[in-house]
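The values are calculated or read from the model by the stated rules, or taken from the named source; none is laboratory data. This is a predicted model, so every value here is computed, not measured. Cβ atoms come from the backbone with ideal geometry, glycine included; neighbour counts cover every protein chain shown. Just the protein is used for accessible areas: all its heavy atoms, side chains included, with ligands, DNA and RNA removed. Shrake-Rupley method; radii C 1.70, N 1.55, O 1.52, S 1.80 Å.
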Amino acid sequence: MSRAFVREPEGGEAFEDLPDRPISPHANFVTPEGLARIEVETARLEAELAGLSPEDKAAHARVSRDLRYWSLRKNSAQLVDEAPDGETVRFGTTVTILREDDTRQTFRIVGEDEADPNAGSISYVAPLARALTGKGVGDTVTVNDHDFEIAEIR
């Protein structure tokens, strides 16, 4: 292991510094639910940090790094709380698309930190979300050589 990233505190115990989590260059748009999750995560990490033993340097490094990330995301959050109009795909809307094989897929377009494709949400900067934004029911978009038709917007 490279010694460049290892510190030895006064007690002699070595631990590895953790690099900061990367921050996206995109605007930090969030839904009301996304902002609430950021606030919960920040509060949880603050409580966890306060409860750590001073001797647990590795846990301090991990929790401090995560708290820095979520604090930055909280401070840069831009709440988008517009009710979807059902006419046009935009941030916060739920979209049902029809794939080339006639299968339907429904997802909500959300902020980067709240996106979870397995739970039915994708980031507004994802290629499919960007292609769909501004379109309406019946419009077709092509992403990665696949066509998708917008079947429903809520």
Original post:
Hey, does region 130-152 have a residue that's closer than 23 Å to P22 by Cα, out of contact with any Leu (no Cβ under 8 Å at 6 or more places or on another chain) and at pLDDT 95 or above?
Top reply: yes
Original post:
So which of V141, V95, V125 ends up being in contact (Cβ under 8 Å) with a residue 60 or more places away in the chain, on the phi < 0 side of the Ramachandran plot and not assigned by the TED database to the domain that holds L35?
Top reply: V125
**OP:** Determine which member of the set R104, R73 is open to solvent by less than 40 Å² (accessible area, probe 1.4 Å) and not acidic (D, E).
**Re:** R73
**OP:** Could you identify the single residue in T88, T133, T94 that is surrounded by 15 or more Cβ atoms within 10 Å (Cβ to Cβ) and over 20 Å from the mean Cα position of the chain (by Cα)?
**Re:** T88
Subject >> Single unsatisfied condition, A47 versus (1) under 17 Å from the mean Cα position of the chain (by Cα); (2) surrounded by fewer than 18 Cβ atoms within 10 Å (Cβ to Cβ); (3) in a helix (DSSP H, G or I) >> reply: (1)
